[in-house]
Amino acid sequence: MTPATLVDKETADHVLAEALARGGEFAELFCEDKASSFASMDQRRVEEIGSSHERGAGVRVIVGETTGFAHTTDLTERGLLEAARTASSVARSGTRSTTPVALGTLAAHDVRATVVPDDVPKARRVELLEAADDAARATGSSVTQVMVGIGDSRRRILVANSDGTYASDDLVRTRMNVICVASGDTGMQTGFEPIAKTAGFEVFEDEDVPAIATKAARQALSKLEARPAPSGELPIVLAGGSGGILFHEACGHGLEADAILKEASVYAGRVGELVASPLVTLVDDGTMDLEWGALAIDDEGRPAARNVLIEDGVLTDYMWDWLQSRKDGRHSSGNGRRESYQCLPLVRMTNTFLLAGTEDPDEIVAKTPYGIYVAQLSGGQVNTATGDFTFGTSEAYLIENGKLTAPLRDCQLIGNGPEILSRVDAVGTDFAMRPGTCGKDGQSVPVGCGQATMRVTGMTVGGTAQ
Amino acid sequence: MSELLDVAMKIVERAAQGERLEVYVATGTETEVRAYHGEVESLTSATTSGVGVRVLVDTPDGARVGFASAGSLAPDVVEAVLASARDNARFATPDEMVAFAEPDGVPRPDLVLEDPSLGSVPTERKIALAVELERAARAKDTRVRQIDEASYGDAIVESALASSTGIRSTARRSMSWLSVAAIANGSGRDQTGYSSSAARGVDGLDVAATADDAVLRATRLLGAAKPDSSHCAIVFDPRVTATLLAVVSSALSGESVTKGRSFFADRLGETVASPLVTLVDDPTDPRHLSSSQADGEGLACRRNVLIDAGVLHGFVFDTVSARRAGTASTGSAVRGGYAGTPSAGCRALALAPGTLGFDEVLAQVGEGVYVQSVTGVHSGVNTISGDFSVGAEGLRITGGALGEPLREMTVASTLQRLLLDVAAVGRDVEWLPGVAAGQTVAIRDAALSGS
């Protein structure tokens with residue numbers, strides 16, 4: 001099956017015409033077919049093994065400032081016309097009416113994955129789970145529990161809209177997560193490490209499964225010796241690849257145009273201003289091949305793009321979807337994404353990262369007399385209106401006299417976006433990306449985050465030590 | 001028999017020799033209206049349906065289970081789901097503890113979980129509620145500079161579960177809700193306040209109270225400053241308490257406990273909390289919006305006491321975790337819709353109410369910090385190690401009353417200590433959507449980080 005077979009052109013034309021029959025300026029048909037599979041091993045048992053298949057379409061009609069939206073699992077012309085009529089009910093009072101631009105040739109993006117999930121025997125998935133489990137257990141006898149999950153999805157989408165956009169994508173994503181529990185005199189500690197790529201099972205040729213399992217195990221083991229983190233404001237060094245989520249939270253969400261146009265972001269009205277240290281150049285790039293947030297087109301049919309958001313500390317642009325860019329009289333930046341056909345698109349990040357700097361990462365630590373070294377962060381959260389954000393450490397160490405000393409128990413770091421961005425005083429050369437899942441308005445999408453080792457001169461550490 | 005149960009039964013009848021099937025089917029209709037500047041910003045209407053099938057195959061070494069789901073009840077889709085689930089089962093590890101639930105004779109509680117009028121509420125009324133919510137919040141206080149979300153939503157869901165082991169279960173439930181986010185400006189800085197309310201139908205929603213609450217939460221933080229780091233008493237807002245109970249609940253799941261992944265494991269009968277703490281999971285209590293007649297495996301829901309006056313009393317079990325623990329299911333399987341598989345979990349948690357009202361809790365605490373909202377709960381609370389560290393904003397408590405606003409701080413302890421340090425449980429129970437009800441709770445001592 002190819003995305004083009006989800007709905008043929010003639011049907012799409014009819015649906016768009018029906019969606020605009022009662023007025024409205026814009027109509028869009030989004031079709032999706034997503035097949036996923038997952039398996040998990042818990043204490044060497046394959047406990048969960050399953051697959052899911054979701055298929056449906058969403059129709060959106062825009063009338064003035066109002067959006068009407070309906071979705072259906074019925075992809076026949078009858079089902080889609082019904083959804084179009086429901087979505088267009090918001091246009092009942094609309095007087096303006098637009099004739100859709102006739103759809104031309106489909107801008108089709110073929111699958112880029114080499115080894116698609118359907119071609120991978122389930123036994124191979126079980127082998128990979130076992131390989132991870134073996135490696136994690138071999139790390140140390142204090143590793144008492146190992147949980148490994150493997151999952152993949154193939155998502156075919158087709159977008160047709162009344163502006164004449166007619167495009168499709170066929171995207172394969174593959175992931176593995178390893179969680180380890182280590183037990184010692186002080187109780188239990190956990191370690192976590194993922195592999196997640198916008199690619200097929202070929203990722204397991206390039207990515208070293210035992211290596212990530214070992215890393216997760218070591219993380220848990222190191223924390224058995226951990227002491228409570230300090231509390232109060234301290235310098236923070238973030239390891240390369242560990243802290244991209246800082247930028248995702250500290251400014252990424254605040255640079256999404258929906259928050260900007262509602263003046264619900266501390267970055268509203270600040271293009272051209274210095275909003276960060278001159279060491280900060282921040283990019284969102286959906287074209288970054290293989291990364292977790294990569295796409296050929298966004299969920300509005302717009303080609304993915306590389307967008308510079310902050311250049312040498314100066315705010316250069318926001319991220320845009322179709323609706324927000326229309327309000328501002330410009331083009332979308334390819335950041336319109338949705339979790340599934342059941343959701344309206346929102347302005348979302350793709351792969352967001354800080355460009356590498358020039359300093360030796362070891363030197364950054366060596367030049368820090370006292371502070372916290374964060375080897376790995378877990379999730380984060382931000383309030384875009386105030387800029388206040390938090391994120392949690394999952395592996396951190398004390399820095400004393402320029403050296404890493406005691407491991408620290410997990411704690412939360414808290415800061416204010418614009419304040420923290422201005423406190424970046426060193427950026428290293430060791431750039432690395434890390435996958436994550438970003439939630440917004442109840443919708444989850446895969447994203448990538450990246451940075452090189454860097455230092456923030458002061459940030460509040462939420463530990464318990466006096 | 002409901003039409004949906006009929007659909008499920010027809011699939012169960014397809015079980016081949018040597019296999020058992022468990023089939024969950026669900027359909028739903030939903031509406032969401034967002035208002036902005038007095039207009040409809042978006043109106044979403046949809047119907048959904050789906051099926052989830054578990055196939056269990058017996059082997060000499062135990063049973064193997066495979067799962068598959070799809071968002072459709074079309075016959076060809078069901079056929080494909082069944083085939084996938086069977087194929088998946090071939091690769092599961094045989095496990096003697098794996099089994100489907102069997103009827104256990106416990107009667108289902110008599111509960112009405114649906115407001116039958118919701119289905120006939122006209123869209124115009126739903127729009128009016130969202131528009132009025134936004135208007136009321138904007139009009140409440142001149143310092144409110146923006147309402148960046150004002151929405152109405154509802155859902156009516158019907159589900160049925162049937163299995164080769166004799167499970168037959170149906171449910172219908174409805175829910176409607178309001179949600180509003182206010183931004184207030186003062187002292188050169190914005191502050192935000194969020195509120196929501198939920199009920200089984202639109203008549204249970206209070207637009208004015210929801211708008212007022214969001215505005216109060218935003219405006220009272222105006223002028224907030226970062227506190228100095230210290231150790232002090234903490235008072236959690238009822239909504240924060242509910243959020244934290246939901247997190248603690250995963251450590252009370254029979255699955256975490258039997259797998260040794262909970263800080264409560266091996267501690268039954270021990271004192272794990274202050275004597276003021278009695279924690280009960282009771283889906284049969286109709287005041288819980290999450291109350292339910294049957295669990296995710298079709299067994300009757302029941303009242304389970306988890307912590308009794310500070311002593312760890314029990315856990316919640318589904319069928320498999322109960323077998324691992326050598327006990328019986330407590331009717332506590334939860335499943336996340338047709339695309340999820342059942343697992344042990346809490347559904348309707350509440351602390352036994354104390355005797356003090358909110359003001360009396362503050363008076364008892366005297367000096368400390370009242371936490372209005374927390375962030376980073378999913379990354380800052382670890383139910384395996386018990387480590388606890390969250391971002392917080394709120395107000396100082398001085399002289400037994402609320403004082404100046406505070407922001408950009410963290411509250412840290414361990415879950416083990418927090419439970420032992422409970423100094424007061426309020427009588428002000430708020431019945432919220434989600435796993436837990438909330439009430440004001442005072443903690444004797446925690447680490448506060450700021451400057």
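The values are calculated or read from the model by the stated rules, or taken from the named source; none is laboratory data. Being a predicted model, the structure only gives us computed values, none of them experimental. So basically every Cβ, Gly included, is an ideal-geometry build from the backbone, and we count neighbours across all protein chains shown.
The number of residues in the range B:374-429 being out of contact with any Gly (no Cβ under 8 Å at 6 or more places or on another chain) and among the β-branched types (V, I, T) comes to 6. Would you call A:D430 out of contact with any His (no Cβ under 8 Å at 6 or more places or on another chain), within 11 Å of chain B (Cβ to nearest Cβ), outside any strand (DSSP E or B) and not aromatic (F, W, Y)? So A:D430 does not fit the description; no. Here A:I297 meets the list (1) over 30 Å from B:A224 (Cβ atoms); (2) touching a Leu at 6+ places or on another chain (Cβ under 9 Å); (3) among the hydrophobic types (A, V, I, L, M, F, W, C) almost entirely, failing just condition (2).
The single condition among (1) farther than 12 Å from A:I245 by Cα; (2) in a strand (DSSP E or B) that A:T390 does not meet is (1). Residues in the range A:303-336 that are crowded, with 19+ Cβ neighbours inside 10 Å and under 18 Å from the mean Cα position of the chain (by Cα): A:A304, A:N307, A:L309, A:Y318, A:M319, A:W320, A:D321, A:S333, A:G334, A:N335, A:G336. For the range A:433-466, give me each residue that is in a loop (DSSP other than H, G, I, E, B) and under 17 Å from A:T390 (Cβ atoms). The answer is A:G463, A:T464.
Set side by side, the residues A:D169, A:D152 differ, and just one is within 14 Å of chain B (Cβ to nearest Cβ), buried (at least 23 other Cβ atoms within 10 Å of the Cβ), in contact (Cβ under 8 Å) with a residue 60 or more places away in the chain and not hydrophobic (A, V, I, L, M, F, W, C), which is A:D152.
The criterion of at least 3 residues that are within 14 Å of chain A (Cβ to nearest Cβ) and closer than 17 Å to B:T192 by Cβ is met by the following strands (runs of 3 or more DSSP E) wholly inside the range B:370-427: B:387-398, B:401-414. A search for C-beta distances below 6 Å between a residue of the range A:21-35 that is under 16 Å from A:A91 (Cβ atoms) and touching a residue at least 12 places away in the same chain (Cβ under 8 Å) and any residue that is among the charged types (D, E, K, R) and buried (at least 23 other Cβ atoms within 10 Å of the Cβ), counting only pairs 6+ apart in sequence or on different chains, returns A:E28/A:R60. For the range A:34-56, does any single residue satisfy the condition of being more than 7 Å from every other protein chain (Cβ to nearest Cβ), buried (at least 24 other Cβ atoms within 10 Å of the Cβ) and more than 24 Å from A:R154 (Cα to Cα)? No: the range A:34-56 contains no residue that is more than 7 Å from every other protein chain (Cβ to nearest Cβ), buried (at least 24 other Cβ atoms within 10 Å of the Cβ) and more than 24 Å from A:R154 (Cα to Cα).
Listed here are the residues, each with its yes/no results for (1) more than 30 Å from A:Q145 (Cα to Cα); (2) aliphatic (A, V, I, L, M); (3) in the same structural domain as B:L205 (by TED's automatic domain parsing).
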position: B:A339; (1), (2), (3): no, yes, no
position: B:Q364; (1), (2), (3): yes, no, no
position: B:G380; (1), (2), (3): no, no, no
position: B:G400; (1), (2), (3): yes, no, no
position: B:V422; (1), (2), (3): yes, yes, no
position: B:R444; (1), (2), (3): yes, no, no
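Candidates in the range A:302-328 are the residues that are in a loop (DSSP other than H, G, I, E, B) and in contact with a helix residue (DSSP H, G or I) (Cβ under 9 Å, 6 or more places away or on another chain); of these, the one that is nearest to A:C31 (Cα to Cα) is A:R302. If the condition is being farther than 23 Å from B:S290 by Cα, of a type in the set (A, V, I, L, M, F, W, C) and free of Cβ contacts under 8 Å to residues at least 40 places away in the same chain, then the range B:166-219 contributes B:A181, B:I183, B:L216.
Of the residues A:E339, A:E273, the single one that is at pLDDT 95 or above and surrounded by fewer than 16 Cβ atoms within 10 Å (Cβ to Cβ) is A:E273.
Does A:T384 satisfy the criteria of being touching a Gly at 6+ places or on another chain (Cβ under 6 Å), assigned to a strand (DSSP E or B) and over 22 Å from A:A196 (Cβ atoms)?
Numbers: touching a Gly at 6+ places or on another chain (Cβ under 6 Å): yes; assigned to a strand (DSSP E or B): no; over 22 Å from A:A196 (Cβ atoms): yes.
When the stated conditions are applied, A:T384 does not pass them.
Restricting the search to the range A:7-33, which residues are assigned to a loop (DSSP other than H, G, I, E, B), over 26 Å from A:S153 (Cα atoms) and of a type outside the set (D, E)? Give the steps one after another, and end with the answer.
First pass over the range A:7-33, keeping only residues assigned to a loop (DSSP other than H, G, I, E, B): A:7-8, A:20-23, A:25.
From the residues that got through so far, the ones that are over 26 Å from A:S153 (Cα atoms) too are A:20-23, A:25.
Matches in the range A:7-33: A:L20, A:A21, A:R22, A:G23.
Would you check which residues across the range B:119-137 are part of a helix (DSSP H, G or I), within 13 Å of chain A (Cβ to nearest Cβ) and more than 28 Å from the chain's Cα centre (by Cα) and list them? The one that is part of a helix (DSSP H, G or I), within 13 Å of chain A (Cβ to nearest Cβ) and more than 28 Å from the chain's Cα centre (by Cα): B:E124.
Within the range B:1-53, the set of residues being within 14 Å of another protein chain (Cβ to nearest Cβ) and of a type in the set (K, R) comprises B:R34 only.
Rundown of residues vs (1) surrounded by 15 or more Cβ atoms within 10 Å (Cβ to Cβ); (2) part of a strand (DSSP E or B), yes/no style:
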| site | (1), (2) |
| --- | --- |
| B:L56 | yes, yes |
| B:G66 | yes, yes |
| B:S72 | yes, no |
| B:A80 | yes, no |
| B:R86 | yes, no |
| B:T93 | yes, no |
| B:P103 | no, no |
| B:R108 | yes, no |
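With the condition kept exactly as written, say whether any residue in the range B:264-272 is in contact with a Gly (Cβ under 6 Å, 6 or more places away or on another chain) and surrounded by fewer than 23 Cβ atoms within 10 Å (Cβ to Cβ). Yes. Of the residues that sit in the range B:428-451 and are touching a His at 6+ places or on another chain (Cβ under 7 Å) and away from chain A (no Cβ under 14 Å), which one is modelled with the lowest pLDDT? Selected residue: B:W431.
Given A:T186, A:T190, which one is surrounded by 23 or more Cβ atoms within 10 Å (Cβ to Cβ) and either outside the structural domain of A:W292 (by TED's automatic domain parsing) or in contact (Cβ under 8 Å) with a residue 60 or more places away in the chain (or both)? Please lay out each step first, then the result.
Numbers: A:T186 fails: surrounded by 23 or more Cβ atoms within 10 Å (Cβ to Cβ).
Result of the check over A:T186, A:T190: A:T190.
Considering only residues in the range A:357-398 that are away from chain B (no Cβ under 14 Å) and closer than 17 Å to A:K223 by Cβ, the one that is modelled with the lowest pLDDT turns out to be A:A375. Residues of the range A:177-207 that are assigned to a loop (DSSP other than H, G, I, E, B) and closer than 30 Å to A:D298 by Cα: A:T198, A:A199, A:G200, A:F201, A:E202, A:E207. Filter the range A:67-87 down to the residues that are more than 7 Å from chain B (Cβ to nearest Cβ) and not in a helix (DSSP H, G or I), then identify the one that is surrounded by the fewest Cβ atoms within 10 Å (Cβ to Cβ). Looking at residues that are more than 7 Å from chain B (Cβ to nearest Cβ) and not in a helix (DSSP H, G or I), I get A:T76.
For the range A:433-456, the set of residues classified as β-branched (V, I, T) and either crowded, with 24+ Cβ neighbours inside 10 Å or away from every other protein chain (no Cβ under 14 Å) (or both) consists of A:V445, A:V447, A:T453, A:V456, listed by residue number.
Would you mention how many residues in the range A:109-142 are more than 14 Å from chain B (Cβ to nearest Cβ) and not in a helix (DSSP H, G or I)?
To start, the set of residues in the range A:109-142 that are more than 14 Å from chain B (Cβ to nearest Cβ) comprises A:109-116, A:119, A:131-132, A:134-141.
Applying the additional criterion that residues be not in a helix (DSSP H, G or I) yields A:109-116, A:139-141.
Matching residues across the range A:109-142 total 11.
Of the residues examined, A:D410 is not one that is out of contact with any strand residue (DSSP E or B) (no Cβ under 6 Å at 6 or more places or on another chain), among the acidic types (D, E) and touching a residue at least 40 places away in the same chain (Cβ under 8 Å).
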